[in-house]
1. Residue check: is residue 42 within 12 Å of the chain's Cα centre (by Cα) and within 28 Å of residue 142 (Cα to Cα)?
2. Being surrounded by 11 or more Cβ atoms within 10 Å (Cβ to Cβ) and within 10 Å of the ligand (Cβ to nearest atom): is that true of residue 168 here?
3. Are there any pairs, at least 6 apart or on different chains, whose C-beta atoms fall under 7 Å, with the first in the stretch 45-69 and in contact (Cβ under 8 Å) with a residue 60 or more places away in the chain and at negative phi and the second loosely packed, with under 14 Cβ neighbours inside 10 Å and in a strand (DSSP E or B), and if so, which?
4. Which of the following residues is modelled with pLDDT of 95 or more and surrounded by 15 or more Cβ atoms within 10 Å (Cβ to Cβ): 52, 144?
5. Take residue 69 and tell me if it is within 12 Å of the ligand (Cβ to nearest atom), assigned to a loop (DSSP other than H, G, I, E, B) and within 20 Å of residue 142 (Cα to Cα).
6. Kindly indicate whether residue 129 is under 17 Å from the mean Cα position of the chain (by Cα) and either more than 10 Å from the ligand (Cβ to nearest atom) or under 23 Å from residue 4 (Cα atoms) (or both).
Ligand SMILES: Cc1cn([C@H]2C[C@H](O)[C@@H](COP(=O)(O)OP(=O)(O)O[C@H]3O[C@@H](C)C(=O)[C@@H](O)[C@H]3O)O2)c(=O)[nH]c1=O
């Protein structure tokens with residue numbers, strides 16, 4: 001397993017060691033000990049989620065406020081997405097900055113998005129299946145959405161046309177007006 005630090009400390013890209021043979025492949029998709037070594041965190045994942053999206057679907061930018069803040073360990077098992085984390089911890093030196101990475105069934109990379117970050121992704125293949133573990137349970141009353149196209153954040157989404165959004169995501173607010181992490 002290889003760990004790649006991204007431009008924002010604490011957001012980590014994990015590249016697993018994949019064992020290929022005549023039958024196909026094997027890799028450890030989660031190992032608590034290795035995860036703790038990589039992040040320095042002993043997290044308790046309590047929920048696994050799985051979604052499928054068509055090309056051009058953008059989900060995000062989502063987060064849950066404390067006391068239901070979630071860390072997310074995300075990956076793709078079919079297709080390819082461009083995955084993004086935005087630092088929304090007030091007072092952080094990287095507040096409002098974003099990092100992105102391509103996650104795909106081919107590269108098998110995972111992104112660790114700590115609590116205190118908004119998260120979203122764009123499906124860039126025909127379809128994509130997205131799996132993730134979370135450190136807290138779904139709490140819709142704590143859920144918030146920042147606009148995917150907030151010009152002050154300035155995410156360079158790899159898309160030329162308007163993405164497909166849920167009704168909720170079309171109502172996302174700009175970071176300047178959002179309730180963020182204290
Ligand atoms: C996220 C979630 C949704 N749901 C339900 C609520 C709703 O009826 C349906 C679809 O929910 P959403 O439209 O919020 O799903 P989605 O837009 O895929 O939401 C996800 O987006 C990505 C970017 C994230 O970071 C995740 O944390 C999560 O917010 O599923 C749950 O029951 N449990 C959950 O944990």
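The values are calculated or read from the model by the stated rules, or taken from the named source; none is laboratory data. What you are looking at is a predicted structure, and each value in this text was computed from that prediction instead of being measured. Here Cβ is always computed from backbone atoms with ideal geometry, including for glycine, and neighbour counts include all displayed protein chains.
1. Numbers: within 12 Å of the chain's Cα centre (by Cα): no; within 28 Å of residue 142 (Cα to Cα): yes.
For residue 42, the condition - within 12 Å of the chain's Cα centre (by Cα) and within 28 Å of residue 142 (Cα to Cα) - is not met.
2. Details: surrounded by 11 or more Cβ atoms within 10 Å (Cβ to Cβ): yes; within 10 Å of the ligand (Cβ to nearest atom): yes.
Taking the combined requirement at face value, the residue satisfies it.
3. 52/127; 53/127; 54/127; 55/127
4. Working: 52 fails: surrounded by 15 or more Cβ atoms within 10 Å (Cβ to Cβ).
After ruling out the rest, the residue left standing is 144.
5. Working: within 12 Å of the ligand (Cβ to nearest atom): yes; assigned to a loop (DSSP other than H, G, I, E, B): yes; within 20 Å of residue 142 (Cα to Cα): yes.
The answer is yes for residue 69.
6. Numbers: under 17 Å from the mean Cα position of the chain (by Cα): yes; either more than 10 Å from the ligand (Cβ to nearest atom) or under 23 Å from residue 4 (Cα atoms) (or both): yes.
Judged against the criteria, residue 129 is a match.
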